Amino acid sequence: MSIELKNVSFSYPNGTLANENLNLVIRDGERVAIVGQNGAGKTTAVKLMNGLNRPTQGDVIVNGVNTKDRTTAQVSSIVGYVFQNPDDQIFKTTVKDEVEFWARYNHLPEEETERRTRRAVELCGIERYFHNNPYEIPYSTKKFVSIASVLIAQTPYLILDEPTAGQDLAGVECLVRIMDALEQEGRSVVTITHDMEFVARNFRRVVVMAHRHIIADGTPGEIFSNDDILREARIKKPQICELSCRLGLGNIMRSSELVTKL
């Protein structure tokens, strides 16, 4: 099973071309980072994956089904999406109601609702805020509320849009624990991020976008050792990869290998 973009282009109603001829496959259990500067087309591309956008040309196939043949609700029940700004997603007056909403809306049994809610809240570390108004808690914590509200659906694919923005070290470590847990369950995580250190340390596959196109797709070692790709995408080499080059350690498949060598 997979998400597959086949020769996909997308234009907004005003004619602005946001994605052009994208070809990409996200497989079960993969952890994929999508990187590139603002305006490269990253967010537009991932919204194609969960049905928020529909291709102007080409096809998006999710687990063998064309998104053109399904409603956004049907596609999003397979591909969960966490917005960059939690205020674009949160609408309930307590964290409890926000996290439980999907389960209540879909009439899950009470015991199952409680089990899923408990796990999502624990994974996201928001237990102490469970009965708070989400609009009255710190922004960084609010982002984890929005993640928990999507985790409860247990979709096989999860998209995180700039999850490290506004997070301290503890928040980033919590994100990694969430991704590790999902990976152990065979679920895929697609992350849009400008945080190259986060990418180098936590992903085995990096997709680079620039000028509405996918310009590279490879391991962190392959991507961050290619100065032409970095220059075209206007992204910086992570410090850990720069250090690797300066120490003569060569190309690395994963930053964890570099840490082990050091």
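Among the criteria (1) in contact with an Asp or Glu (Cβ under 8 Å, 6 or more places away or on another chain); (2) part of a strand (DSSP E or B), the one THR43 does not fulfil is (2).
Results for (1) without any contact (Cβ under 8 Å) to a residue 12 or more places away in the chain; (2) closer than 20 Å to ASP69 by Cβ; (3) buried (at least 23 other Cβ atoms within 10 Å of the Cβ); (4) in contact with a strand residue (DSSP E or B) (Cβ under 8 Å, 6 or more places away or on another chain), shown as yes or no for each residue.
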| position | (1), (2), (3), (4) |
| --- | --- |
| SER2 | no, yes, no, yes |
| ASN7 | no, yes, no, yes |
| SER11 | no, no, no, yes |
| ALA18 | no, no, no, yes |
| GLU30 | no, no, no, yes |
| ALA33 | no, no, yes, yes |
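Out of all the residues in segment 57-71, is one or more of a type in the set (D, E, K, R) and touching a Lys or Arg at 6+ places or on another chain (Cβ under 8 Å)? Yes, that holds for at least one residue. Just so you know, in segment 31-47 the residues that are among the hydrophobic types (A, V, I, L, M, F, W, C) and within 15 Å of THR16 (Cβ to Cβ) include one that is modelled with the highest pLDDT, and it is ALA45. Filtering segment 61-92 to residues that are of a type in the set (A, V, I, L, M, F, W, C) and part of a helix (DSSP H, G or I) leaves ALA73, VAL75. For the residues THR72, THR56, THR93, the requirement of being open to solvent by 30 Å² or more (accessible area, probe 1.4 Å), within 14 Å of LYS142 (Cβ to Cβ) and among the β-branched types (Val, Ile, Thr) singles out THR93.
Being at pLDDT 95 or above and in contact with a Pro (Cβ under 9 Å, 6 or more places away or on another chain) is a property that ILE214 lacks. When segment 196-211 is limited to residues that are modelled with pLDDT under 95 and open to solvent by 30 Å² or more (accessible area, probe 1.4 Å), the one that is nearest to SER9 (Cα to Cα) turns out to be HIS211.
Tell me, yes or no, whether segment 5-13 has at least one residue that is closer than 14 Å to VAL207 by Cα and in a strand (DSSP E or B). Yes, segment 5-13 has at least one match.
Within segment 1-24, the residues that satisfy the criterion of being among the hydroxyl-bearing types (Ser, Thr, Tyr) and modelled with pLDDT of 95 or more are SER9, SER11.
The values are calculated or read from the model by the stated rules, or taken from the named source; none is laboratory data. Because the structure is predicted, anything quoted here is derived from the model rather than measured. Positions of Cβ are backbone-derived with ideal geometry, glycine not excepted, and every protein chain shown enters the neighbour counts. Note: areas computed on protein heavy atoms with side chains; ligands, DNA, RNA excluded. Shrake-Rupley method; radii C 1.70, N 1.55, O 1.52, S 1.80 Å.
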